[in-house]
Amino acid sequence: MRNRTPDPMDLRSRRVRLIVIAVAALFMIRLFDVQVIEAPAINKISVAAREVNQTIQAIRGTIYDSSGKVLAKTVMKYDVNAAPNRVAPVKHTTGGVATEIPVDQVAAQLAGILGVTQADVLAKISGTGAYVNLQKGVSIDAYEQIKALDIPWIWGDPVPSRVYPSGAVAGSLLGFLTSDGTAMGGIESMMNSCLAGVNGSDTYASGRDGIKIPSSVVTRVKAVNGKDVYLTINADLQYFAQQVLTQYWASLQADWATAVVIEVKTGKVLVAADAPTMDPNNPSATAVADRNERVFDSQFEPGSVIKALTAASLIDTGIGNPEMRVIAPFGWVVPGTNGYRVTDSHVHGNDKLTLTGVLRDSSNTGIMQLGQKVPFQTRYNYLTAFGAGKKTAVSFPGESSGLVLPAEQWDQVKKYVSMFGQGFSVTPIQSAMMYQTIANMGVRLQPKLIDGCADVGSKPQDAPIAAGTRVIAATSARTTIDMLEKVVEQGGIGRHAAVPGYRVGGKTGTAQIIDPATGRYGYLHAISFIGMAPAEDPQYVVAVTAFKSRTQSTSLGVTPIFKSIMQQVLRTFRVPPSTTKSANIATEWK
């Protein structure tokens, strides 16, 4: 039997079949690898490619005044956007009936809500781009109307917007937010950890066209909204004080002016007013320097308002009394200074004054002669105990400590002129709290600006008033107040601060200002008046300062401001008029 020779065609067919089987086997192995072995990794990559993350903005807390009036709040607005490359008629199915809205009609609907023309909308959505902004800062009501149209190629980006309903009222005190939400100065910065919330997020899958896949799983991390801040500020008083202050600031042609109102027995800051100030809704309209809260960050030599502290140190040490006598000349040479001569503000002869008369006439020569009876180190200790040279516990952003050099750095001149407020500097809040100490029977409290931070809808509980620091004895404080009453009753300038129906104690201050160009005192002044009422039981301190007044060089420029604000404070809190008379203290002797 002969062997059969294989058919070449048959061999070729076998080879083809083997190749096909091998290729099919390779495909099957690869398919198994993709669908089983590599499936989790591929699926993860695919999901990630389709995954869209959207930030959910947290709502910043509200800032309230002491009565619950809103000073700052956040409203949510939206930037409405479109994807021109996906623009198409909008298809809806209602009750099983499909409808299609033409692009022209959709544009007309959008235009009506946005308050623009149909042509404006059509111009923006024409083209092949993936993004165009139709309008920024759309209100939530308008955005809800747009969402109801269910247009797949329209979406909104939420943008929290900070608004200040009272405009410039307490503007510098509040601070503001930048366009990216950064807190800039004031309460916004100081209380940012309370006010700021934590953003959340939405995560969902989208198709190739970027539209959310209806059946996709949404992962939501809820936003945590910020808490609310309650201030001690009384918005109505703040508004009144700013109006009065701004009027006189303009007429004085001063660089700036401040007014502070303190509740004596609590240290609460009821008013912290500046002129000029800013509207935090539009901070760029105000010069950078005028956006700061000068009540806390501006410092100046206080001048004669400090004579009240010098007098208090004489009384408290037992060295002096309200009727101790001095002959006060127009000029007096400071001992041990090789002829350094100090004068009073007006020319006069040798006046025979008591300590009370020295305060009434604001005599520099008189206060130095009497004040020197208290050792310098003791006077220095009183000055710092009253709060000079130290920031307050408020820790306001940018707050200044003023400038009080260590005692060992004071030369002979400074040791004397400091008795009438030269040679060191204070801030408006410091000077106000010095008088709060006297008005509070010698106990210095820390100013209180924040009533608390609380969850939305829950006002913080009233915290107990922190224990104060006794600076002078209660009897010494009472005597000092009695002397300050004579300034308002009899003083040439002080009497302009009198409030009809009430006993008022206070002190004028006219401080020279050093000219940086010469290093010497120039012709401009910081003029002040600080006082308390009712003097028989002081409830409120009002401190007013105008810096570099150009039309008035004495405290006569600010006593009307003090009077107007104090009257309004007493009226607001319904303080009964005084029914007693001031102490009978001699101001002169023969």
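The values are calculated or read from the model by the stated rules, or taken from the named source; none is laboratory data. All figures in this text were calculated on a predicted structure; none of them were measured in a lab. When we count neighbours, we look across all protein chains shown, and the Cβ atoms used for this are built from the backbone with ideal geometry, even at glycine.
Taking residues in region 266-292 that are among the acidic types (Asp, Glu), and partners anywhere that are in a strand (DSSP E or B) and surrounded by 24 or more Cβ atoms within 10 Å (Cβ to Cβ), the pairs with Cβ atoms closer than 8 Å and at least 6 places apart or on different chains are Asp274/Ala257; Asp274/Thr258; Asp290/Asp274.
Filtering region 334-354 for residues that are of a type in the set (A, V, I, L, M), buried (at least 21 other Cβ atoms within 10 Å of the Cβ) and assigned by TED's automatic domain parsing to the domain that holds Met483 leaves a non-empty set.
Restricting attention to region 328-368, report how many residues are assigned to a loop (DSSP other than H, G, I, E, B) and more than 43 Å from the chain's Cα centre (by Cα).
Restricting attention to region 328-368, the residues satisfying the condition of being assigned to a loop (DSSP other than H, G, I, E, B) are 329-330, 334-340, 344-350, 362-363.
Among the residues that remain, those that are also more than 43 Å from the chain's Cα centre (by Cα) are: 329-330, 334-340, 347-350.
Here the count works out to 13.
Between Thr93, Thr128, the distinction of being at pLDDT below 90 and not in a loop (DSSP other than H, G, I, E, B) belongs to Thr93 only.
To keep it simple, each residue is scored yes or no on (1) surrounded by 12 or more Cβ atoms within 10 Å (Cβ to Cβ); (2) in a helix (DSSP H, G or I); (3) at pLDDT 75 or above; (4) outside the structural domain of Leu449 (by TED's automatic domain parsing).
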| position | (1), (2), (3), (4) |
| --- | --- |
| Pro6 | no, no, no, yes |
| Met9 | no, yes, no, yes |
| Leu18 | no, yes, yes, yes |
| Asp33 | no, yes, no, yes |
| Ile59 | yes, no, yes, yes |
| Ser66 | yes, no, yes, yes |
| Lys73 | yes, no, yes, yes |
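Check Ala546, Ala586, Ala535 and return the single one that is part of a strand (DSSP E or B), at pLDDT 95 or above and not charged (D, E, K, R).
On the way: Ala586 fails: part of a strand (DSSP E or B); Ala535 fails: part of a strand (DSSP E or B).
None of the others qualify; the one that does is Ala546.
Taking Phe386 and the conditions (1) more than 27 Å from the chain's Cα centre (by Cα); (2) in contact (Cβ under 8 Å) with a residue 60 or more places away in the chain, which numbered condition does it fall short on, given that it satisfies the others? Evaluating Phe386 over (1) more than 27 Å from the chain's Cα centre (by Cα); (2) in contact (Cβ under 8 Å) with a residue 60 or more places away in the chain leaves (1) as the failure. Mind counting the residues in region 161-176 that are of a type in the set (Val, Ile, Thr) and out of contact with any Phe, Trp or Tyr (no Cβ under 6 Å at 6 or more places or on another chain)? The number of residues fulfilling the criteria is 1.
In the set Gly442, Gly423, Gly389, Gly371, which member is out of contact with any strand residue (DSSP E or B) (no Cβ under 9 Å at 6 or more places or on another chain), surrounded by fewer than 22 Cβ atoms within 10 Å (Cβ to Cβ), of a type outside the set (A, V, I, L, M) and in the same structural domain as Met483 (by TED's automatic domain parsing)?
Values: Gly442 fails: out of contact with any strand residue (DSSP E or B) (no Cβ under 9 Å at 6 or more places or on another chain); Gly389 fails: out of contact with any strand residue (DSSP E or B) (no Cβ under 9 Å at 6 or more places or on another chain); Gly371 fails: surrounded by fewer than 22 Cβ atoms within 10 Å (Cβ to Cβ).
After ruling out the rest, the residue left standing is Gly423.
If you go through region 138-160 and pick out every residue that is out of contact with any Phe, Trp or Tyr (no Cβ under 8 Å at 6 or more places or on another chain), part of a strand (DSSP E or B) and surrounded by fewer than 18 Cβ atoms within 10 Å (Cβ to Cβ), you end up with 1.
Matching residues to (1) out of contact with any helix residue (DSSP H, G or I) (no Cβ under 6 Å at 6 or more places or on another chain); (2) farther than 19 Å from Ala432 by Cα; (3) modelled with pLDDT under 95; (4) aliphatic (A, V, I, L, M):
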{"position": "Ala254", "(1), (2), (3), (4)": "yes, yes, no, yes"}
{"position": "Lys268", "(1), (2), (3), (4)": "yes, no, no, no"}
{"position": "Asp274", "(1), (2), (3), (4)": "no, no, no, no"}
{"position": "Ala289", "(1), (2), (3), (4)": "yes, yes, yes, yes"}
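In this structure, Leu237 qualifies as over 16 Å from the mean Cα position of the chain (by Cα), at pLDDT 95 or above and not charged (D, E, K, R).
Restricting attention to region 124-183, report how many residues are among the small types (Gly, Ala, Ser), in contact (Cβ under 8 Å) with a residue 12 or more places away in the chain and closer than 22 Å to Pro397 by Cβ.
Step one: of region 124-183, the residues among the small types (Gly, Ala, Ser) are 126-127, 129-130, 137, 139, 142, 148, 156, 161, 166-168, 170-172, 175, 179, 181, 183.
Remaining after also requiring in contact (Cβ under 8 Å) with a residue 12 or more places away in the chain: 126-127, 129-130, 137, 139, 142, 156, 161, 166-168, 170-172, 175, 181, 183.
So of that shortlist, the ones also closer than 22 Å to Pro397 by Cβ come out as 166-168, 170-172, 175, 181, 183.
Residues meeting the conditions: 9.
Note on region 375-390: residues that are touching a Leu at 6+ places or on another chain (Cβ under 8 Å) and closer than 13 Å to Ala312 by Cβ amount to 3. With the condition kept exactly as written, say whether any residue in region 561-574 is small (Gly, Ala, Ser) and more than 27 Å from the chain's Cα centre (by Cα). Within region 561-574, not a single residue is small (Gly, Ala, Ser) and more than 27 Å from the chain's Cα centre (by Cα). In region 250-265, the count of residues that are among the hydroxyl-bearing types (Ser, Thr, Tyr) and closer than 25 Å to Phe573 by Cβ is one or more.
In this structure, Val358 qualifies as of a type in the set (A, V, I, L, M, F, W, C) and touching a Gly at 6+ places or on another chain (Cβ under 8 Å).
Of all residues in region 168-184, those being surrounded by 14 or more Cβ atoms within 10 Å (Cβ to Cβ) and either aliphatic (A, V, I, L, M) or part of a loop (DSSP other than H, G, I, E, B) (or both) number 10. Note on region 549-590: among residues that are out of contact with any strand residue (DSSP E or B) (no Cβ under 9 Å at 6 or more places or on another chain) and of a type in the set (Gly, Ala, Ser), the one that is surrounded by the fewest Cβ atoms within 10 Å (Cβ to Cβ) is Ala583.
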